[in-house]
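Below: the structure, in structure tokens.
The values are calculated or read from the model by the stated rules, or taken from the named source; none is laboratory data. Note that the structure is a prediction, hence the values are computed from the model and not measured. In this analysis, Cβ positions are derived from the backbone assuming ideal geometry, glycine residues included, and neighbour counts consider all displayed protein chains. Heads up: the accessible areas ignore ligands, DNA and RNA and are worked out on the full protein's heavy atoms, side chains in. Shrake-Rupley method; radii C 1.70, N 1.55, O 1.52, S 1.80 Å.
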Amino acid sequence: MVSSDQTPATPRPPRLTAAAALAALEGLALIAIGVWLLVDGLAGNASDATQAETGGVTLIVLAAIPLLAARGLLKLRSWSRGPAIITQILALPVAWQLLQADSIAIPAGIALAVVSVTTLALLLNPSTTQALGIGPREG
């Protein structure tokens, strides 16, 4: 009998591992920013405490999407590619807005854009789709 904890028959390509790592990095960044906003709002340091607290909780909850997608990608689950791609597509307008700022947010926008485009390229790579069992059906 084969245990579900054993390694899958198809080896995980390095591109898929890199995509999972980048998605997890985005999820962890969302948690960090969310916690910072939440603490800032609770401490009364934000100009609008309610908005900071709500934004913080929202980011912490949204972090579950890329984190679950990263876990699914590592386990070669085909469903995980969709949420990972959607996360990257949604990150691009955020990166654009950060790039429009006249502040320290510009480097963050550059980093987010690079990570998003790189992750998209990795997720759309043929070796990634093949490892996840996504592609044209024979027959």
Quiz item: Consider Ala95 against the criteria (1) without any contact (Cβ under 8 Å) to a residue 60 or more places away in the chain; (2) among the small types (Gly, Ala, Ser); (3) open to solvent by 30 Å² or more (accessible area, probe 1.4 Å): it satisfies all of them except one. Which criterion is unmet?
Solution: (3)
Quiz item: Quick one: which of Leu112, Leu76, Leu90 is open to solvent by less than 60 Å² (accessible area, probe 1.4 Å) and in a helix (DSSP H, G or I)?
Solution: Leu112
Quiz item: Consider Thr128 against the criteria (1) touching a residue at least 24 places away in the same chain (Cβ under 8 Å); (2) hydroxyl-bearing (Ser, Thr, Tyr); (3) surrounded by fewer than 19 Cβ atoms within 10 Å (Cβ to Cβ): it satisfies all of them except one. Which criterion is unmet?
Solution: (3)
Quiz item: Out of segment 23-71, which residues are loosely packed, with under 14 Cβ neighbours inside 10 Å and not in a helix (DSSP H, G or I)?
Solution: Ala43, Gly44, Asn45, Ser47, Asp48
